[in-house]
Structure formats: C-alpha cells, structure tokens
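Q: Mind having a look at this structure? Questions to follow.
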C-alpha cells in the first residue's frame, strides 16, 4: 500500500510540475516540486530507502528534461542521501529546521545538476542566473514544505499520518 501511495504522490507532483508550473512562475522561476519530494523523502525515509526513491523521482523528471538521462536521478539520490545522513545526525524533527533543510537541499540539487551537467557536456548551466534560480526555487520550496510534508508522511509513513 505504501508503494501505491508514494507512486500516486510522485505522479501527481510530476503532472503539476509539467502542467501548472510551466505557466505559474515567481520572479521567472517555477517551484522545483520534484526536488522538494527528493529532499523530503531523504529526510523522512532515511539513508537506505530515501536515495533509492529519490533516484526514481529523478529518473521520472529526466524524461522531461533535455539533459542526459540519469542526471537528475544521480543528483536527487545524492541530495537525498546527504539530507538523510545529515538530518538524522544533526537535527531533531523540527518543522522550522526542515524548511531550512529543504532550502539547502534545493540549492544543492540545482547547483549539483548544473555542475554535473557541465561535466557531462551540457554547456552554459553554471552562471549567475543558475544561482538566482536556485535561490528563488529554494524560497518557493520553503513555502511549499508545510503543504507537501504531510503528503509525503502519508505516502511513506501511513501510521504516523493517521496517528
């Protein structure tokens, strides 16, 4: 049942990202909903399961991007692992801390995507515009975190969501 809930959440997020957020932008930047899911799954599912789920999220996102297949998947898995390993050791389960973790994870994912993309031959990804996009996307994901976190808890930890 957990797999179905998680698949449904990821599918809905992907559809929202490629339909609603194509036109809905703030300061010229769309929220990075799939990055938000990858960070949250790393934080909530831990270092064993989180990166695997984040990798799948990234692969699904890669299908829609013009970059090499697997680029987002690798970056999402790495970010989820760092969040899972660091989050478990350094932070308690505070909603305020989670918002900061999401912001840092979003910036890390977008910067990692640009850097790894440059290494893989995608030119022009690393510049000042990338930094602006990463900061704005991080702010947008911070705002979305209180809305998306309960959905992720529902998807991966059904017992916590109901009780």
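Q: Nearest 0.05, what FRET efficiency do residue 4 and residue 69 give at R0 = 22 Å with Cβ-Cβ as r?
A: Working from the Cβ atoms, E equals 0.30.
Q: Below 8 Å between Cα atoms, with a sequence gap of 6+, how large is the relative contact order for the chain in percent?
A: On the way: 230 pairs, mean separation 44.2, N = 163.
Relative contact order here is 27 percent.
Q: Enter the angle in degrees (range 0 to 90, nearest 10) between the Cα long axis of helix 33-62 and the first principal axis of the Cα atoms of the chain, meaning the one along which they spread out most.
A: Taking Cα atoms only, the helix is inclined about 40 degrees.
Q: Turning to a different aspect of this structure: So what's the gap between the Cα centers of region 111-135 and region 1-63, to the nearest angstrom?
A: Centre-to-centre (Cα) distance: 20 Å.
Q: Tell me, 52, 145, 19 in order of fewest to most beta-carbon neighbours within 10 Å?
A: By the 10 Å Cβ count, ascending, the order reads 19, 52, 145.
Q: Select one label from (1) 48, 17, 12; (2) 24, 16, 16; (3) 25, 25, 20: the one whose number is semi-axes √(5λ) of the Cα gyration tensor in Å as derived from the coordinates shown.
A: Computed from these coordinates, semi-axes √(5λ) of the Cα gyration tensor in Å corresponds to label (2).
Q: Suppose R0 equals 25 Å; then what is the FRET efficiency for residue 48 and residue 139 from their Cβ-Cβ distance, rounded to the nearest 0.05?
A: Once the sixth-power term is evaluated, E becomes 0.25.
Q: Also, quick follow-up: If neighbour count is taken as other Cβ atoms inside 10 Å, put 94, 67, 72 in order from fewest to most. Present the calculation step by step, with values, prior to reporting the outcome.
A: Working: 94 10, 67 17, 72 29.
With the sparsest Cβ surroundings first, the list reads 94, 67, 72.
Q: Mind ranking 35-43, 7-15 by how tightly packed they are, going by the mean number of other C-beta atoms within 10 angstrom, highest first?
A: In descending order of packing, they fall as 35-43, 7-15.
Computed from the coordinates by the stated procedures, all read-outs in this text should not be read as laboratory data. Since this is a predicted model, take the numbers as computed values, not measurements. Please note: Cβ atoms are built from the backbone with ideal geometry, for glycine as well, and neighbour counts cover all protein chains shown.
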